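Colleague: Below is one structure. I have some questions about it.
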Amino acid sequence: MNSSINSRTLFQAALLQSLILGHYEGSVEVKELKGQGDFGIGTFDSLDGELIMCRGKVYQVNGRGEVKEAHDRWKVPFADVFFFETDRTLPLKDISSLNELREKADDLIQGWGPNYFYGIRIHGVFDKVYARSERAQQKPYRRLDEVMKKDQVEFHFDHTEGTLIGLYCPSFMDGLNMPGYHFHYLSDGRKEGGHVFDLCLKEGKAEFCLLSDLKLKLPRSSNFGRIDFTENLVEAVKKVEG
Ligand SMILES: [Zn+2]
């Protein structure tokens with residue numbers, strides 16, 4: 001590792017932990033996200049579906065599984081976006097689970113430097129993608145681990161071609177996000193997508209982009225300013241996002 005590492009920035013709106021604690025008020029507009037990256041993941045105001053940014057466009061997978069292009073004025077309570085540039089590629093074939101995909105990625109990242117962030121883009125042909133979204137919430141908001149017991153909606157896609165957008169976070173990020181891998185999926189036809197639980201990848205190509213800088217934008221609201229973050233949320237994060 002040396003100065004040949006390019007300076008690239010992960011932009012994060014709010015904290016995954018504020019989302020876990022039920023703070024679903026959007027603080028950043030889709031338009032602003034587009035100024036901070038062209039790929040990424042997140043969710044929308046009132047937890048109205050999964051956010052997938054792919055090639056500069058932002059999509060919503062709502063609680064009915066419909067994929068729509070997001071309006072620039074829509075607000076986002078949590079997102080991670082980055083301008084993707086390919087540093088390394090990894091051909092993939094016959095990956096039978098998300099765990100196996102994580103292991104393949106880890107083979108690369110553990111040697112490369114697990115203390116950086118990595119944007120991951122995998123285009124491929126999938127035998128299966130098992131994904132979820134969630135139904136929009138009404139105030140007063142409940143915590144995310146409570147919401148997901150009832151309002152999580154699961155989808156099974158068979159024989160689909162598309163892109164996984166992923167983020168790897170280092171272990172020291174467990175107060176701000178989730179260490180490890182987080183993937184969202186968007187099909188080429190823009191009809192299928194969501195937060196990925198499991199998959200079966202027939203053939204594809206993974207591309208990795210090292211991100212050395214973190215730009216964190218906290219919501220400017222008295223609500224956010226007074227959230228009690230003293231509770232250890234590591235298990236809640238794993239349960240909801242892992
Ligand atoms: Zn997700």
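The values are calculated or read from the model by the stated rules, or taken from the named source; none is laboratory data. None of the values given here were measured: they were computed from a predicted structure. As a convention, Cβ positions derive from the backbone with ideal geometry for all residues, glycine included, and neighbour counts pool all protein chains shown. Just so you know, the surface numbers come from the protein's heavy atoms only, side chains and all, with ligands and any DNA or RNA stripped out. Shrake-Rupley method; radii C 1.70, N 1.55, O 1.52, S 1.80 Å.
Colleague: Kindly establish whether Asp45 is within 14 Å of the ligand (Cβ to nearest atom) and touching a residue at least 12 places away in the same chain (Cβ under 8 Å).
Modeller: no
Colleague: Got at least one residue in the stretch 96-104 being at pLDDT 95 or above and touching a helix residue (DSSP H, G or I) at 6+ places or on another chain (Cβ under 8 Å)?
Modeller: No - not one qualifying residue is present in the stretch 96-104.
Colleague: Within the stretch 11-28, can one find any residue that is free of Cβ contacts under 8 Å to residues at least 60 places away in the same chain, part of a strand (DSSP E or B) and either hydrophobic (A, V, I, L, M, F, W, C) or closer than 30 Å to Asp228 by Cβ (or both)? Reasoning before the result, please.
Modeller: First, pick out the residues of the stretch 11-28 that are free of Cβ contacts under 8 Å to residues at least 60 places away in the same chain: 26.
Now restrict to residues that are part of a strand (DSSP E or B): none.
Checked against the condition, which is being free of Cβ contacts under 8 Å to residues at least 60 places away in the same chain, part of a strand (DSSP E or B) and either hydrophobic (A, V, I, L, M, F, W, C) or closer than 30 Å to Asp228 by Cβ (or both), the stretch 11-28 yields no hits at all.
Colleague: Which residues, counting only those in the stretch 217-241, are touching a residue at least 40 places away in the same chain (Cβ under 8 Å) and closer than 25 Å to Asp106 by Cβ?
Modeller: Leu233, Val234, Ala236, Val237, Lys238, Lys239, Val240, Glu241
Colleague: Can you tell which of Val196, Val129 is open to solvent by less than 10 Å² (accessible area, probe 1.4 Å), touching a residue at least 24 places away in the same chain (Cβ under 8 Å) and closer than 28 Å to Glu25 by Cα?
Modeller: Val196
Colleague: Take the conditions touching a residue at least 24 places away in the same chain (Cβ under 8 Å), surrounded by fewer than 17 Cβ atoms within 10 Å (Cβ to Cβ), at negative phi and of a type in the set (Asp, Glu) and apply them to Asp107. Does it pass?
Modeller: Taking the combined requirement at face value, the residue does not satisfy it.
Colleague: For the stretch 132-180, enumerate the residues that are within 30 Å of Asp213 (Cα to Cα), open to solvent by 10 Å² or more (accessible area, probe 1.4 Å) and in contact with a Gly (Cβ under 6 Å, 6 or more places away or on another chain).
Modeller: Across the stretch 132-180, the qualifying residue is only Arg143.
Colleague: Which numbered condition in (1) open to solvent by less than 10 Å² (accessible area, probe 1.4 Å); (2) away from the ligand (no atom under 16 Å from the Cβ) is the only one that Leu21 fails?
Modeller: Every condition holds for Leu21 apart from (1).
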